[in-house]
Amino acid sequence: MSPKTLYDKIWDAHVAHEADDGTCLLYIDRHLVHEVTSPQAFEGLRMAGRSVRAPDKTIAVPDHNVPTTPGREDPKNMTEDSAIQVAALDKNAKDFGIHYYPVSDVRQGIVHIVGPEQGWTLPGMTVVCGDSHTATHGAFGALAHGIGTSEVEHVLATQTLIQKKSKNMKVEITGKLRPGVTAKDITLSVIGKTGTAGGTGYVIEYCGEAIRDLSMEGRMTVCNMAIEGGARAGLIAPDEKTFDYVKGRPHAPKGAQWEAALNWWKTLYSDDDAHWDKVITIKGEDIAPVVTWGTSPEDVLPITAEVPAPESFEGGKVGAAQRSLEYMGLKPGQKLSDIEIDTVFIGSCTNGRIEDLRAAAEILKGKKIAVKRAMVVPGSGLVRAQAEEEGLADIFREAGFEWRLAGCSMCLAMNPDQLAPGERCAATSNRNFEGRQGRGGRTHLMSPAMAAAAAITGKLTDVREMM
Amino acid sequence: MEKFEKLTGIAAPMPLVNIDTDMIIPKQFLKTIKRSGLGVNLFDEMRYDDNGNEIPDFVLNKPQYRDAEILVAGDNFGCGSSREHAPWALKDFGIRSIISTSFADIFYNNCFKNGILPIILPKEAVDVLMKDAEKGSNARMTVDLENQTVTSSDGEVFSFELDSFKKHCLMNGLDDIGLTMEKAAAIDSFEAQASQARPWV
């Protein structure tokens, strides 16, 4: 048998039909659904008189548009349009008989945090969702990617996707990370190196000692941003850490099925002599704590650097960098660590897991914030409960953070959690696009520890100085 | 889905690189549960000021580009969020084809589900077409899907590559779900075999 990558193996195990031109029907094991990109898909099913083919493999949870403030179980406490979308998901979940975690359920949260937490996401699966950050689930060695609403409808109706295979890209992070450097710094640094289109046409497998050393939470952070590098999906081969994380979760296999699953999962790695279409290697020790300075996730620099001059770029990026600096209100040559911030946002499917909250709380313990507002939005109700049990919530509250309910919140700012024009935010989310966190809002992406450090000093800060 | 065969129309130049789907349709317009009516908010934050007035300098507000049906755009168009509201908004405005050196994967796929043809051409070709688009409404380009060509207003012809299945569906306005349902037997048999091999799924 010819050597295969992990992606090849998962792909091959899911092709339900292949046409002469290589167009495949890829079978989908888990379909995650949220309130914003699904209403039109369910409406399409109704109009065509179609049903959901595999409701037992379809899991819905409202997250993008829900308030993160108390009392939200009552639709009266939502904006009218949020209430309509949430009510539509309530109804669609009920009518089509799919698994559902309503806002009142402690298990509700960001769809990409809920999936792994409940054991829906397992190694070797195909996972899709009408959300680009579906790549998160790749941390389990699952082939996971975002789809549009038409494809959501297609998967609901047929449990398959029409796909052509992507190319294979290996991103290896060798050796050890230095103190203060986290999974977020890895994933941002990779995008800084490849650019936001560097992964277009590829599925990335992240490997190397620094990736192996990461916890499952860290691996999810890395894979989450594969899409920001343009890749269809990001993958990490499952190992003992993966199996330990999965074992015992509500929807993970049990007993004899667990053993059978484990036997297969242990074959899910890239063969030594597998073919790679592109290889990127970064030394773990070369990665520093980074922040973004512009309006694209590729605008990444170590916190010790200065705001770059647009002329230092080439081609269309010169104009884009000029526009970014104007939007961000920054000048070339300005030290990144001199940039003052107004707001701190800790949360999102990138960094809203328990380990992220621990890392931020570690820095914040016994300190007070020096910014106008700071907010922690746990990734799920269960993360929130655990953080309260561990005393993290008290640390955040005492430092001056708002302690919110689970949801996507200010990552995409569909709900009332938004930046005002010109407001500058240190955020643990995934996109610093113009207007992403609110019209005119200025976003700097970074790790939870770096965001916590910024909250204490009121400016972008090298977290290593506080360790 | 609306068929796409051949289109001759005004092309608007948008040389900015990495135009993301948040720019194409900002999140406040994702609160709809419909697909229609998003054209008025296409590029909303670039197109209107804080008071909702048109920003005259924005390309689609200029008289010569208000009826544009083609966009010539910088690299990596449509990156970011998977929101299909982006092609819905483009289509609703009247854009039927977008030309760039590269597109983000999800956006690219979403276009084909909505009767929009995204065209990938080498940088040199996009540069020529960008200049052509800058000439305004008297310069009309032609996009011919069957022959896979773009013809500039000067008659310069550029050929582009396209997946044959995507082309077939777009030219005939085919519904993906209907096509896939014709293969229900293959899906049934795969499902039966997979539930034996991986019963825990």
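The numbers here are math on the coordinates, done by the rules we state, and not lab data. Worth saying up front: this structure is predicted, and the values here are computed from it rather than measured. Don't worry about glycine lacking a Cβ; one is built from the backbone with ideal geometry, like all the others, and counts go over all protein chains shown.
Calculated mean residue ellipticity at 222 nm for the protein assembly as shown: -9000 deg cm²/dmol, from DSSP H runs with n ≥ 4 weighted as -39500 (n - 2.57), summed, divided by the residue count and rounded to 500.
Computed from label points 7 Å out along Cα-Cβ, the spacing between A:Glu18 and B:Asn147 is 3.6 nm.
Here the protein assembly as shown carries DSSP beta bridges of which approximately 30% are antiparallel, counting only pairs with both residues inside. With R₀ set to 25 Å, the beta-carbon distance separating A:Lys167 from B:Ser159 gives a calculated FRET efficiency near 0.65. Taken about its Cα centre, the stretch B:6-197 carries a charge dipole of about 380 debye when Lys and Arg each add +1 at the Cβ and Asp and Glu each add -1 at the Cβ.
If you wrap the tightest convex hull around every Cα atom of the stretch A:80-160 and split its volume per residue, you get 104 Å³.
Among beta bridges from DSSP that stay inside the stretch B:6-197, the antiparallel ones total about 50%. Between B:Leu174, B:Leu90, B:Leu117, the residue with the greatest mean-square fluctuation in the GNM of chain B (Cα pairs under 10 Å linked by springs) is B:Leu174.
List the equivalent ellipsoid semi-axes of the stretch A:421-463 in whole Å, largest first, each obtained as the square root of 5λ for an eigenvalue λ of the Cα gyration tensor.
Largest first, the stretch A:421-463 gives 19, 11, 6 Å.
Out of all Cα-Cα pairs in chain B, roughly what percent, to the nearest whole number, are more than 27 Å apart? Looking at chain B, the distances longer than 27 Å represent 34 percent of pairs. Over the stretch A:4-116, all Cα pairs binned in 10 Å intervals from 0 give whole-percent P(r) values of 13, 37, 28, 16, 6, 0, listed from short to long.
In a GNM of chain B with a 10 Å cut-off on Cα contacts, which of B:Ser137, B:Ser189, B:Ser164 has the highest mean-square fluctuation? With Cα springs under 10 Å in chain B, the top fluctuation among B:Ser137, B:Ser189, B:Ser164 is at B:Ser189. Can you work out the base-10 log of I(q)/I(0) for chain A at q = 0.06, 0.09 1/Å, using the Debye formula on its C-alpha atoms alone? Here log10 of I(q) over I(0) equals -0.24, -0.56.
Put in order of Cβ neighbour count within 10 Å, fewest first, the listed residues A:Trp120, A:Trp258, B:Trp88 become A:Trp258, A:Trp120, B:Trp88. If R0 equals 45 Å, the separation of the Cβ atoms of A:Asp394 and A:Ser51 corresponds to a calculated FRET efficiency of about 0.40. Taking amide H atoms as placed 1.01 Å from N in the peptide plane, the amide H of B:Ile98 lies under 5 Å from those of B:Leu71, B:Leu117, B:Ile119, each 5 or more residues away in sequence or on another chain. Of interest is the spacing of the C-alpha centroids, which for the stretch A:422-467 and the stretch B:1-61 amounts to 29 Å. Taking the DSSP bridge list for the stretch B:1-115 and keeping only pairs wholly inside it, about 10 percent are antiparallel. Computed from the C-beta positions of B:Asp49 and A:Glu209, the FRET efficiency with R₀ = 30 Å rounds to 0.05. For the stretch A:297-404, how big is Rg over Rh, using alpha carbon atoms and the Kirkwood form of Rh? On the Cα set of the stretch A:297-404, Rg over Rh gives 1.09. Legend: ranking of residues B:Lys91, B:Lys183, A:Lys368 from fewest to most surrounding C-beta atoms inside 10 Å; resulting order A:Lys368, B:Lys183, B:Lys91. Cβ crowding within 10 Å ranks B:Asp75, B:Asp163 as B:Asp163, B:Asp75, fewest other Cβ atoms first.
Seen from A:Thr304, the other residues with C-beta closer than 11 Å to its C-beta sum to a net charge of -1, counting Lys and Arg as +1 and Asp and Glu as -1.
Each label was represented as a point 7 Å from its Cα along the Cα-to-Cβ direction; for A:Ala256 and A:Arg323 these points are 6.1 nm apart. Between B:Lys123, B:Lys62, B:Lys31, which gets the highest mean-square fluctuation from a Gaussian network model of chain B, Cα cutoff 10 Å? It is B:Lys31.
Look at where the Cα atoms of the stretch A:91-164 and of the stretch A:279-297 average out, and the two centres are 29 Å apart. Label points 7 Å out from Cα along the Cβ direction at A:Thr79 and B:Ser36: separation in nm? About 2.4 nm, to one decimal.
For A:Gly438, the residues 5 or more places off, or on other chains, whose built amide H falls under 5 Å of its own are A:Leu419. For the stretch A:42-98, the normalised intensity computed at q = 0.14, 0.15, 0.24 Å⁻¹ comes to -0.45, -0.51, -0.96 (log10 of I(q)/I(0), Debye sum over alpha carbons, equal scatterers, no solvent).
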